[in-house]
Amino acid sequence: MKKNVLCLFGGRSGEYKVSLRSAESVLKNIDREKYNVLTAGITRDGTWYLYSGGTDDIVSDTWHTKSDNLRRILLDPSHSCGGYYIMDGGALTPLSVDVIFPVMHGQYSEDGTLQGMLSLAGIPYVGSGCGASADCMNKSVTKAVLSGYDVPMAKSIVLRASDFEGGTAAEKIEKFFGNYPVFIKPSSSGSSLGASRADDRAGLDRALALAFGVDSTVLAEECIVGREVEIAALETAGGEIFFSCCGEIDPGDGFYDYDTKYENDNASYFIPARISEKTYARIKEVAGTVFSALSCRGFARIDFFVVGMGEDERVIFNEINTLPGFTSISMYPQLMEKSGIGYTELISRLLEGAGE
């Protein structure tokens with residue numbers, strides 16, 4: 001019997017548009033001979049709809065404007081009878097869902113909030129659980145957890161909203177690092193939203209304003225001069241972790257920010273990455289430590305900097321993404337495909353490995 005799979009997209013996140021593109025790719029590649037596919041969209045204001053239209057309207061963000069394709073849905077968080085219900089006037093009709101693929105990114109999606117709600121309802125879903133999702137989304141917490149492990153990381157300092165509002169944030173950063181440049185990132189944000197590089201005090205003030213506009217906690221990191229290298233992790237049925245080959249990103253001018261990822265084609269990609277076998281082995285080793293230490297489940301993309309060349313290459317952990325992009329140009333599915341796991345097979349493996 002086919003499983004009923006609910007593909008969730010959208011949401012109250014700055015990465016809403018990325019979710020639309022990821023959902024398009026998943027819906028076009030999921031094995032419909034194996035699964036009954038349902039689709040639910042969440043608007044920017046948080047309204048949930050069962051959506052029966054096509055992917056073109058998802059990508060153009062007009063999906064929520066065509067009432068013929070929409071029915072309001074609610075989620076019952078009771079574990080004993082949890083599930084989705086279609087609203088039909090004043091009546092509620094149960095909607096059978098076996099597993100959920102949250103094709104969503106950022107706040108209220110990747111940060112444990114959605115995962116906690118689904119776990120309460122007892123509905124299996126793709127990806128890490130509530131705690132791991134929250135810890136991985138918050139870069140400050142990620143670093144704190146990994147500080148007790150053999151994971152090389154950039155020097156960093158955490159700033160709070162009170163530092164920014166009190167006018168002491170920039171001074172604390174300058175005192176801690178002693179020189180420029182530094183990178184400023186919202187602690188809980190993906191796709192490099194709100195992240196920027198500061199080369200002087202004026203740039204630092206702008207970067208802090210940008211980052212604190214996204215999150216109340218901000219991470220300042222030393223500037224690492226190296227290549228950006230990523231690896232994809234996939235948990236197997238036996239609980240082992242399969243690691244893909246590595247991919248390397250040359251962002252061109254500047255750094256790999258949101259515009260470079262999704263709005264322009266300035267970046268160059270190398271799959272496999274131009275690194276030594278020794279460095280690849282070290283990346284897999286550190287990625288395994290990160291995945292395990294943070295109690296991740298299902299899949300993740302782990303990002304690194306590689307400093308130096310040849311025998312002098314050093315690996316520095318950057319961040320982990322528990323709901324990585326699934327767009328047609330996203331690194332995670334490209335790495336898996338290059339490593340022998342095609343897009344459709346990848347989706348099936350993720351769905352079969354879903355947990356509560």
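Worth pointing out:
- Residue selected from the stretch 195-219 under the condition out of contact with any helix residue (DSSP H, G or I) (no Cβ under 8 Å at 6 or more places or on another chain) and of a type in the set (Asp, Glu), by the criterion farthest from residue 175 (Cα to Cα): 215
- If the condition is being in a loop (DSSP other than H, G, I, E, B), buried (at least 17 other Cβ atoms within 10 Å of the Cβ) and out of contact with any helix residue (DSSP H, G or I) (no Cβ under 6 Å at 6 or more places or on another chain), then the stretch 309-324 contributes only 323.
- Lone unmet requirement of (1) surrounded by 22 or more Cβ atoms within 10 Å (Cβ to Cβ); (2) touching a Cys at 6+ places or on another chain (Cβ under 6 Å) for residue 306: (2)
Every residue, every condition in (1) in contact with a Pro (Cβ under 7 Å, 6 or more places away or on another chain); (2) in contact (Cβ under 8 Å) with a residue 24 or more places away in the chain; (3) hydrophobic (A, V, I, L, M, F, W, C); (4) assigned to a loop (DSSP other than H, G, I, E, B), yes or no:
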site	(1), (2), (3), (4)
119	no, yes, no, no
133	no, yes, no, no
136	no, yes, yes, no
144	no, no, yes, no
151	no, yes, yes, yes
179	no, no, no, yes
183	no, yes, yes, no
202	no, no, yes, no
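- Just one residue in the set 184, 157 is open to solvent by less than 30 Å² (accessible area, probe 1.4 Å) and over 23 Å from residue 114 (Cα atoms); that residue is 184.
- Every listed requirement among (1) buried (at least 16 other Cβ atoms within 10 Å of the Cβ); (2) modelled with pLDDT of 95 or more; (3) of a type in the set (Gly, Ala, Ser) is met by residue 14 save one, (2).
- Tallying residues that are free of Cβ contacts under 8 Å to residues at least 12 places away in the same chain and part of a helix (DSSP H, G or I) within the stretch 32-60 yields 1.
- Of the residues making up the stretch 333-356, those that are β-branched (Val, Ile, Thr) and either more than 25 Å from residue 123 (Cβ to Cβ) or surrounded by 18 or more Cβ atoms within 10 Å (Cβ to Cβ) (or both) are 341, 347.
- Unmet requirement for residue 298, which otherwise passes all of (1) open to solvent by 30 Å² or more (accessible area, probe 1.4 Å); (2) touching a Ser or Thr at 6+ places or on another chain (Cβ under 7 Å): (1)
- The stretch 121-131, residues that are modelled with pLDDT under 95 and in a helix (DSSP H, G or I): 121
- Qualifying residues in the stretch 228-243 (those that are open to solvent by less than 60 Å² (accessible area, probe 1.4 Å) and at pLDDT below 95) - the one farthest from the chain's Cα centre (by Cα): 239
- Residue pairs whose Cβ atoms lie under 7 Å apart, sitting 6 or more positions apart in sequence or on different chains, and linking a residue in the stretch 14-27 that is within 18 Å of residue 100 (Cα to Cα) to a partner that is hydroxyl-bearing (Ser, Thr, Tyr) and open to solvent by 40 Å² or more (accessible area, probe 1.4 Å), are 25/328.
- Subset of the stretch 72-102 (residues that are within 14 Å of residue 6 (Cα to Cα), modelled with pLDDT of 90 or more and assigned to a strand (DSSP E or B)): 73, 99, 100, 101, 102
- Residue within the stretch 20-31 that is modelled with pLDDT of 90 or more and outside any helix (DSSP H, G or I) present: yes
The values are calculated or read from the model by the stated rules, or taken from the named source; none is laboratory data. Predicted, not measured: the structure shown is a model, and the values here were computed from it. Using ideal geometry, Cβ is built from the backbone for each residue, glycine included, and neighbour counts are taken over all protein chains shown. Heavy atoms of the whole protein, side chains included, go into the accessibility calculation; ligands, DNA and RNA do not. Shrake-Rupley method; radii C 1.70, N 1.55, O 1.52, S 1.80 Å.
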